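Some notes on the structure that comes next.
Derivation of every value follows stated rules applied to the coordinates shown; laboratory data play no part. For clarity, every value in this text was computed on a predicted model and none was experimentally measured. Cβ sites come from the backbone with ideal geometry, for glycine too, and all protein chains shown count toward neighbours.
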Amino acid sequence: MSNENKPSIDEHIRHMHKDKMPQRDLWSGIEYSISEPVSSGAENAENKRFKQAPAYAIAASMLIAMLIGYVSFQTGRVESGQDLVMQMSQQHSMQKDALLTSLDGQPTTTQNWQQQLDELDQAAVAIKKALENEPNNVALLKMLQKIYQQQIMLIERVHAPAWQQI
């Protein structure tokens, strides 16, 4: 670009119409629109409740597990693998029953969710049988815990409202 063109460009810029400029700063509104989702207060409260439900379930599970560990440590008794499996099963059963009771009456997104829950129950029974032979097998204990988590997640997803589904 040569210096001869520079004054003519500057001249054109000076003669541009200023009435084409917005009367206020638009960036603050654009930034707010991008960062804040649009929803009503009722939807926010409902959305917040469903987002917190899994967190409460996980917190309750962790609290019970820590309580069991603390009581076991305080009594000086080392839990055997079978005792741990029994406690995990009881804890899961209570958690599942409480979740199903709280979601009772809400519409479900699928019809065959009960069948899926039964299949997960059958997998848990198979893992428990394997744990009878190897009661301290950490991999099997983790698999059982994962099955229980999948059951809880299935129940929560099936009862989630349609607007929350992906």
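Counted by Cβ distance under 14 Å from Leu140, the other residues give a net charge of +2, where Lys and Arg count +1 and Asp and Glu count -1.
Can you put Leu63, Leu103 in order of Cβ neighbours within 10 angstrom, beginning with the fewest? Ascending number of Cβ neighbours within 10 Å: Leu63, Leu103. The order of Asp118, Asp25, Asp83, going from fewest to most other C-beta atoms within 10 Å of their C-beta, is Asp25, Asp118, Asp83.
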